[in-house]
Structure formats: structure tokens, C-alpha cells
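Student: Below are the C-alpha cells for one structure; questions will follow.
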Amino acid sequence: MTMGAVTINAGKMPNRKAVSAAASLDTALMMTTVNAVAKALILFSGRFHCGGVLIDQNWVLTAAHCVKTGTKFMVRLGDYERLRIEHTEETLHVTEIIVHPNYTEKIEDNDIALLRLEHPVPFTKYIIPICLPPQPLAENVLNNEGTNVEVTGWGKQHENAKNQSSALRYIKIRLASHEQCSTLMTSKLTENMLCAGTLGEIKDACSGDSGGPMVTKYKNTWFLVGLVSWGEGCGRIDKLGVYTKSNNEMEILPWEVGLMKQASDPTHPGVIKLLDWFTGPTKNVLVMELMEASMDLIDYMKNQGGHLTEDVTRNIICQVVHAVQHIHSCRVFHRDLKPENILIQTTTLNIKLIDFGCGTMLKMGKYDNFEEFRAVFEKYTVDNVLGGGGFGQVWAAQRIENNLLSNKEMQVMPWEVGLMQLVSFPEHPGVIKLLEWFTVPTKDVLVLELVEASMNLTDYMKIQGGHLTEDLTKNILSQVVQAVQHIHSCLVFHRDLKPGNILIQTTTGKIKLIDFGCGTMLKKGKYQSFEG
């Protein structure tokens, strides 16, 4: 911390109570105490390296640039005077490092990382986690210009100092607007960054403070707002400090883990509880609570002969509605509610929602956030939105080296990919061609050929005044029949044939069937399966 910072003297904190980070804090408990007890000191090869912040018993957040190289990291918690043994400290090895997948070293974008501790750290009056705000609270309230924040660290006390501070220090500053910060800083700012400081005052984070917490108080609870990331010098009266938004933490997690953490704040009896999670070479492992004497609702209904009483049905539906209302209040959409994803306890008939693998975050405005899958398109230049439907959106794109393409953001995969690959052997001029596909943390992306000068048949009919000539109608129907015969010969049913799923090229009148998201495989026997 640069000049103007206040030294926190270990053992001399006022009213140092042991509190839960999720609880409201006693009004007599100073911010510096809360920030200090959540503060983490990152050691590399046994030496002080960076700051961090404890977010639960197993995890510490820090800056990605602090841990981008090396593996021999340790975390010390409950420390104030780092060069003195105070018998309040806990030092643990780091067993896993998860850097934000979109971390960009050149501009320090998404400069955030998670560190897993070797075992759960015991909470004491010297060690408690900080609260992570729900995304809407962060974006709409805490991250606003003018918010009062505090930053702690053991960094240098001025730009030209030789050594970092031995005692934990803090500064009180305010968040600045992106517009103001952009005019003052020469390096690029992104939407994942926050700026803070006071022009004309020498209050700033400095070398050694990286990864440390910036926090604020809201409704008597202290929340993490950001992590110390970078600056142009430190303590310069005409510059501001730059911080990484802490709500980017969820983007580092496996998607389902992030959703379940979000839906568990606060916990709800109708939502399965995530206890822990691990990453492995080929998969992620989620550890969830065990609901004894339970089964999924589809099996329970089978055991009941396929029928439930009116009272039981009403009870189950009521619980499901309450659980869904809760996860929506946490800004989470489940998107795969079905009997198999509802656990029911046979002794009490209490239910829990499970399996958030198809879920997503509730966002402001329309669901057309292109940024979520921008990193996939290293091989493509992406242009405008062509259209969309119930299963995704379609964007125009051009492969950097050759053909013009369209990219489809999907919510169902890889089922549609499998169907489209089947109908492409052999290819047919009346069926859209799948060129490539990707999986990303929140969705899957299909790369399809682009039919130039085309639109769906619904829009084309509107342009024609709602009527087509007999010859044109006959031509279109003939092409559709031939395309359907082809996909049936490939053992695929489209199951969603409608004008909105037929592309027509306005210059030639040629059509292509699109959108196999509702499709299925041709099977023997009658079509009376539950899936269909």
C-alpha cells in the first residue's frame, strides 16, 4: 500500500469476534478486521509473493498473473505481521490452480485464479471467508462509480520502495467510472476491470499487493468487489488503480459447479446441496449431499403404478415451484426440469432439484450474449445475427482462410450434431451442411454453411404478401419432399418441419432444411416412447 495507508496491528483489533462471512457483521467490528481475517498471503517457494482472499474453507482467490508460472505455492491465513510468528496463522499447500480460461496476459484481462487448499482450513476469529456477491448485486450496485471500498495488502509503501511492508496495511478509496479511467490510463481497459482511487491523493495498491481483496460494505455485510490487478506505477496522483471484478470468479468454475454455487446462496431445501468438487484429467467430480431413501420422480411414479394421488401431486408441484422460484431469485435457470431431475424422498415426499448441467445464468435483456463464445472463433471472423429459434441463435461468420459460414449457438448437444452428421452421408442439396462444431463452458457452437441471399420461408412468404404462385409452391414442396426422403433414408426424423425451419435462396428458389434440434433417430416399432 502506498502512502496514506494505515497499519493494522496484530492483536489490537477492536471487538475481534468470530463471525460467519455470510452473516451480517456487528456494527462495532471494523472493516479492516473483516478484510484482514479473510486476507491470504501467497507464498512461492517459501517467499512472500502476492495477496489473495479466502472465499470458503477450501478455496482462495488471487490474481492470475501471480500464479501463471510455477507450482510450488502455499497460502498463509490469519497473518498480520508477516515477519513475526503470531500463533494465529495457518499455512497450507496449494493442490490445484484454476486460472480463468479467458485470462489474457498481454492486457491482464480476466486476471483471476482459484487456489485449492490441501485441506479445509478451520475458521477462527482470525480466519473467516469474505462474502462473494451475487452477480446482479455486483453489477447493479457494488460496482457502481463512487462506491466506497477498502483494499489490504503487504505491498510496497511507495513506488520506489525496496521492500514490501512487513505489516498488513489498508487504504480507503472509491470506485471510478470506466470513462474517467480510460482517459487517465494508457493501457486498455475491459469490461472485466474496475478502477479505484482518488486523483490528487497518494492512495493506491502497489507492487506486492496483486491478488489482494478490494471490499465494500452493503446492508451491514462486507462483500468482495475486486482483486488488485495492475496499475501504471503506483501512488501517482494522476492515475488510478485497476482491479479485476470478483464476480468473474464463477466463470472459472466448471459451468454446473458455478450454477450450483449460485443457486445455493442462500441454501434451499428444494435444491440439492453441492458439498465439494474436484477436477480430473478427463472429467469433473461433484460431491453432493446424500438424500437418504430417495429416487428420481420417474422411478417413484413407476413404483406407484404410473399414477400419483391428487394430494401427492399437488405437494410435489408446490415444492418444485418453490424451488424454481428460489433458483430464479439466485439468477439461475435450470432449463431441464423433468421427473428424472427431481429427487423425491420416499419417507417424507420431500423433493430436491438436481442436475444443473443444462442450466444458464439469468441475464438482463435478451439472451443474445455473443461474448460468451467469442473465444471459440479464433478461426472465424463473426458478423451479424442472421436469426434464431427455440434452440439457439445464428450468426454470419467467415472462416479466416476461406468459405463464408454461419455459426449456431446451441442449447442442446451433441444430439443435433449426431443427427446432422448422419444426414450428411451422403450429402444432399436440400439439407444444411454441418462443417464443424465446438463445446465451450456454457454452450455448444455449430458451424454451418451459409446459404447466401437466403431467408426462412416464413419471412419469404411475408415479403411475397402471404401468397406464393402455384409453380413456386410446387417447386418448394417437391424439394422439401426430396430432402425429407433423404433424411429418412439416413434413419433420421426431423420432427419440426415448418416454414421457419426451411431456408430459401431468393435468387434461385432452392431450399435447405435446417434446425435438427427436435429430431430423433428412426426406430423399429410404434413411436410411443416417452422421449418422443
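The values are calculated or read from the model by the stated rules, or taken from the named source; none is laboratory data. Since this is a predicted model, take the numbers as computed values, not measurements. FYI the Cβ positions are ideal-geometry reconstructions off the backbone, even for glycines, and counts take in every protein chain you see.
Student: If you check LYS261 against the conditions, is it surrounded by fewer than 24 Cβ atoms within 10 Å (Cβ to Cβ) and farther than 16 Å from LEU114 by Cα?
Tutor: Considered against the rule, which asks whether it is surrounded by fewer than 24 Cβ atoms within 10 Å (Cβ to Cβ) and farther than 16 Å from LEU114 by Cα, LYS261 comes out as no.
Student: Among the residues of segment 182-223, what is the count of those that are more than 23 Å from ALA138 (Cβ to Cβ) and either of a type in the set (Gly, Ala, Ser) or not assigned by TED's automatic domain parsing to the domain that holds GLY52 (or both)?
Tutor: Final tally of qualifying residues: 4.
Student: Among the residues of segment 113-121, is any of a type in the set (A, V, I, L, M, F, W, C) and over 25 Å from the mean Cα position of the chain (by Cα)?
Tutor: yes
Student: Quick one: in segment 209-231, which of the residues that are under 15 Å from GLY155 (Cα atoms) and not aliphatic (A, V, I, L, M) is surrounded by the fewest Cβ atoms within 10 Å (Cβ to Cβ)?
Tutor: Taking the candidates together, the pick is TRP230.
Student: To continue, here is another question. Go through (1) touching a His at 6+ places or on another chain (Cβ under 7 Å); (2) within 17 Å of PHE48 (Cβ to Cβ) for GLY235 and report which single condition fails.
Tutor: If we test GLY235 against (1) touching a His at 6+ places or on another chain (Cβ under 7 Å); (2) within 17 Å of PHE48 (Cβ to Cβ), just (2) comes out false.
Student: Would you mind telling me which numbered condition in (1) in contact (Cβ under 8 Å) with a residue 24 or more places away in the chain; (2) part of a helix (DSSP H, G or I); (3) not polar (S, T, N, Q) LEU349 fails?
Tutor: Only one criterion is unmet by LEU349, namely (2).
Student: Okay, next question. Among the residues of segment 122-134 satisfying the criterion of being more than 18 Å from the chain's Cα centre (by Cα) and in a strand (DSSP E or B), which is nearest to VAL37 (Cα to Cα)?
Tutor: Applying the filter and picking the extreme gives ILE127.
Student: State which residue is farthest from the chain's Cα centre (by Cα) when the search covers only segment 135-157 and only residues that are in a loop (DSSP other than H, G, I, E, B) and surrounded by fewer than 17 Cβ atoms within 10 Å (Cβ to Cβ).
Tutor: Start the filter on segment 135-157 by keeping residues that are in a loop (DSSP other than H, G, I, E, B), which leaves 143-147, 154-157.
Narrowing the set further to residues that are surrounded by fewer than 17 Cβ atoms within 10 Å (Cβ to Cβ) leaves 144-146.
Values: ASN144: 21, GLU145: 24, GLY146: 26 Å.
Going through the qualifying residues, I end up with GLY146.
Student: Within segment 191-208, how many residues turn out to be surrounded by 15 or more Cβ atoms within 10 Å (Cβ to Cβ) and within 26 Å of the chain's Cα centre (by Cα)?
Tutor: Looking only at that region, the number is 5.
Student: Check ASN501 against each of (1) closer than 26 Å to GLY359 by Cα; (2) out of contact with any strand residue (DSSP E or B) (no Cβ under 7 Å at 6 or more places or on another chain); (3) at pLDDT 90 or above and name the one condition it does not meet.
Tutor: That leaves (2) as the condition not met.
Student: May I ask you to say which residue of LEU434, LEU491, LEU522, LEU472 is in contact with a Leu (Cβ under 9 Å, 6 or more places away or on another chain) and modelled with pLDDT of 85 or more?
Tutor: Only one candidate qualifies: LEU434.
Student: Same structure again: Give the residues of segment 504-525 that are within 34 Å of the chain's Cα centre (by Cα) and under 18 Å from LEU446 (Cβ atoms), sorted by residue number.
Tutor: Residues satisfying the conditions are LEU513, ILE514, ASP515, PHE516, GLY517, CYS518, GLY519, THR520.
Student: Can I ask one more? What is the one condition in (1) assigned by TED's automatic domain parsing to the domain that holds ASP209; (2) modelled with pLDDT under 85; (3) out of contact with any helix residue (DSSP H, G or I) (no Cβ under 6 Å at 6 or more places or on another chain) that MET1 does not satisfy?
Tutor: The one condition MET1 does not meet is (1).
Student: Of the residues that make up segment 175-185, is at least one of a type in the set (A, V, I, L, M, F, W, C) and assigned to a loop (DSSP other than H, G, I, E, B)?
Tutor: yes
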